[in-house]
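Trainee: This structure is in structure tokens; I'll ask about it shortly.
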Amino acid sequence: MSRQASGLRAWVLQRISAAYIGLYIIYATGHFIINPPQSHADWKAWVADPLVAFALSLFFALLLVHAWVGIRDVLIDYVKPIMARVALLTLFGLGFLGCGLWAAKVIFLAAMPS
Amino acid sequence: MKFSIFRFNPDTDTTPRMQEYEVEVSRGMMLRDALMEIKRQDESFSFRHSCGEGVCGSDGVNANGRNVLGCITQVADLKEPIVVRPMPGRPVIRDLVVDMSQFYQQYRAVKPYLIRKDSLPEQEILQSPEQRDKLDGLYECIMCGCCSTSCPSFWWNPDKFHGPQALLQAWRFLADSRDQATDERLDALEGPYKLFRCHTIMNCVDVCPKNLNPTKAIGHIKELMLKHAI
């Protein structure tokens, strides 16, 4: 097992996630301009479409991966004391995990038949 | 013309200071000439220089906030007063003379020489013109250090990040058709520090006095690494 954090894998994940995030934001912005949901029920119906629910879930998952690589880079660059770095990485990791679970909950509840 | 020069003598000073000098500028005068004139006025002033024509890479300094080679930078192109400091991020030995040990260590770490596994032929190893063309824009580096000392990633991690100069040379040997250690070279660059601290800030490209492009070379290394990984 490698004793060091990943270099290539993190870089590739950052690039792939950036491409998907960029494309998804263009799609979502276009959708909300051309066909904005008129009510909460409309929005729920849109999210309930399995393809939309999957694309939205993937968007949040990749957004968090992208944010993790980014914040890891910032902390590796600027935070030298090892304990402070580990504490901050843990804090951000848990924060991102919480955000991910929250997003999953919102999508899951919206996709559930009411 | 007014010059404000960074001065620090470790034997007598506790903190660095900026000292003003007045230099009479002649037509076509280079920054190195002006520094030599300052040296004539004040012989306690120290700076490195040698060939005077942009070949040896000794007289890298920071003039008005930008790393330049003194010998090929026209004084007339700089805004007055000209503020000259040592190259940033390096320990100052005295005045404009900095300790470049870490810079050379990073260069050494990329094994900047051809590695052959086959037995060496009696004659030279031939390259096609196309193979030779791949080394253009790479081999011209004079190791002045302008790029690496203007790179924020190198400022923060000079002991772990190779820096643009060493990575340009890493690609110079990866791109060489005569080299046979591609996998070993790529393996040595893995991890978050040596190569991947580069965030494409591109200060290196901006300041290189030879107009080389370390950021592009770093991109090529990442692409090659990816090709070998999948």
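Where a number appears in this text, it was derived from the coordinates with a stated rule and is not lab data. In this text the structure is predicted, and so the values were computed from the model without any measurement. Cβ placement follows ideal geometry from the backbone for every residue including glycine, while neighbour counts extend to all protein chains displayed.
Trainee: Helices (runs of 4 or more DSSP H) wholly in chain A with at least 2 residues that are loosely packed, with under 11 Cβ neighbours inside 10 Å and hydrophobic (A, V, I, L, M, F, W, C) - which ones?
Mentor: Answer list for chain A: A:8-34, A:82-111.
Trainee: Given (1) within 28 Å of B:Arg197 (Cβ to Cβ); (2) touching a Lys or Arg at 6+ places or on another chain (Cβ under 6 Å), where does A:Pro81 come up short, assuming only one miss?
Mentor: The one condition A:Pro81 does not meet is (2).
Trainee: Follow-up question, since we're still on this one. Name the helices (runs of 4 or more DSSP H) wholly within the range B:141-230 that hold at least 3 residues that are within 14 Å of chain A (Cβ to nearest Cβ) and exposed (fewer than 15 other Cβ atoms within 10 Å of the Cβ)?
Mentor: So the answer is B:214-229.
Trainee: What pairs can you find where one residue is in the range B:98-124 and within 18 Å of B:Ile218 (Cβ to Cβ), the other is outside any loop (DSSP other than H, G, I, E, B) and among the basic types (Lys, Arg), and their Cβ atoms are less than 8 Å apart, with a gap of 6+ or different chains?
Mentor: From residues that are within 18 Å of B:Ile218 (Cβ to Cβ), the pairs are B:Val110/B:Arg185; B:Lys111/B:Arg185; B:Pro112/B:Arg172.
Trainee: Still on this structure, please answer the following. Quick one: is B:Glu130 more than 9 Å from the chain's Cα centre (by Cα) and either outside any loop (DSSP other than H, G, I, E, B) or within 14 Å of chain A (Cβ to nearest Cβ) (or both)?
Mentor: Yes, satisfied.
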